[in-house]
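Read the structure below first, then the notes.
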Amino acid sequence: MLIDFVPTESRVSLAGAPGFLKAPGGAPAIVAITVSCLGGRSAFIVKLGDDEFGHMLAGILRKNGVADQGINFDTGARTALAFVTLKADGDREFMFYRNHSADMLLRPDELNLDLIRSISINTSNV
């Protein structure tokens, strides 16, 4: 999970953007939120920076009903950032700031194994 910065104007390159708005990002986190919003149960295991962006993202997960027992914070690393745009030619452009970001530092001993074991998957409708 990370912070996406998207241009305030559409169909411009990152360099040509006059400004950016922040938004929660990361496809797996968006799936967890969507499942919860559609009435399902979801949880998310993640490591975020112990910074304003990390706490903002954790709050967004909680606000949207995603179980938070898998959220870890790292006091020595920042929350990852990405600048994202859809250019005029339809190509997407990304620029990630993840060097030593918290999401890359999740250790096996930080996994909430009770949370993982509690997951039940209903495949009868698949």
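The values are calculated or read from the model by the stated rules, or taken from the named source; none is laboratory data. Bear in mind the structure is a predicted one, so any value in this text is a computation, not a measurement. Here Cβ is always computed from backbone atoms with ideal geometry, including for glycine, and neighbour counts include all displayed protein chains. Accessible surface is based on the protein model in full, side chains and every heavy atom, while ligands, DNA and RNA are left aside. Shrake-Rupley method; radii C 1.70, N 1.55, O 1.52, S 1.80 Å.
Pairs of alpha-carbon atoms within less than 8 angstrom and 6+ residues apart define the contacts here; what relative contact order does segment 20-115 have, in percent?
Values: 148 pairs, mean separation 25.6, N = 96.
With pairs under 8 Å counted, the relative contact order is 27 percent.
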- Under the Karplus relation with 6.51, -1.76 and 1.60 and θ = phi - 60°, whole-Hz ³J(HN,Hα) for segment 42-49, x at Gly and Pro, equal 8, 9, 9, 9, 7, 10, 10, x
- Task: Taking H placed 1.01 Å from N in the peptide plane, check which residues at least 5 places from Phe20 or on another chain put their amide H under 5 Å from its amide H.
- Result: Thr8
- Query: Per residue, how much accessible area does the chain show when a 1.4 Å probe rolls over the protein heavy atoms, in square angstrom?
  - Reply: 63
- Quick one: putting +1 on the C-beta of Lys and Arg, -1 on the C-beta of Asp and Glu, what dipole do you get for the chain around its Cα centre, in Debye to the nearest 20? 260
- Query: Amide H of Gly70: which non-local residues (sequence gap of 5 or more, or other chain) have their own amide H closer than 5 Å, using H built in the peptide plane?
  - Reply: Phe44
- Message: Quick check: at a probe of 1.4 Å, how many percent of the accessible area of the chain sits on carbon and sulfur atoms?
- Response: 55
- Query: From the backbone phi of segment 96-103, what are the Karplus-calculated ³J(HN,Hα) couplings (6.51 cos²θ - 1.76 cosθ + 1.60, θ = phi - 60°) in whole Hz, Gly and Pro given as x?
  - Reply: 9, 10, 10, 4, 6, 7, 4, 4
- Relative to the longest principal axis of the C-alpha atoms of the chain, give the angle of the C-alpha long axis of helix 52-63, reported between 0 and 90° and rounded to the nearest 10°. 50
- Query: Using heavy-atom solvent-accessible surface (probe 1.4 Å) with all chains present, what is the largest-first order of Leu21, Leu48?
  - Reply: Leu21, Leu48
- Return the distance in nm (one decimal) between the two label points of a simple spin-label model at Ala88 and Ala23, each offset 7 Å from Cα along Cα→Cβ. 2.2
- Message: Please compute the Kirkwood hydrodynamic radius over segment 9-126, one decimal place, Å, based on all pairs of different Cα atoms.
- Response: 16.1
- If you take the square roots of the eigenvalues of the alpha-carbon gyration tensor of segment 1-72 and sort them as a ≥ b ≥ c, do you get rounded (a/c under 1.5), prolate (a/b over b/c) or oblate? prolate
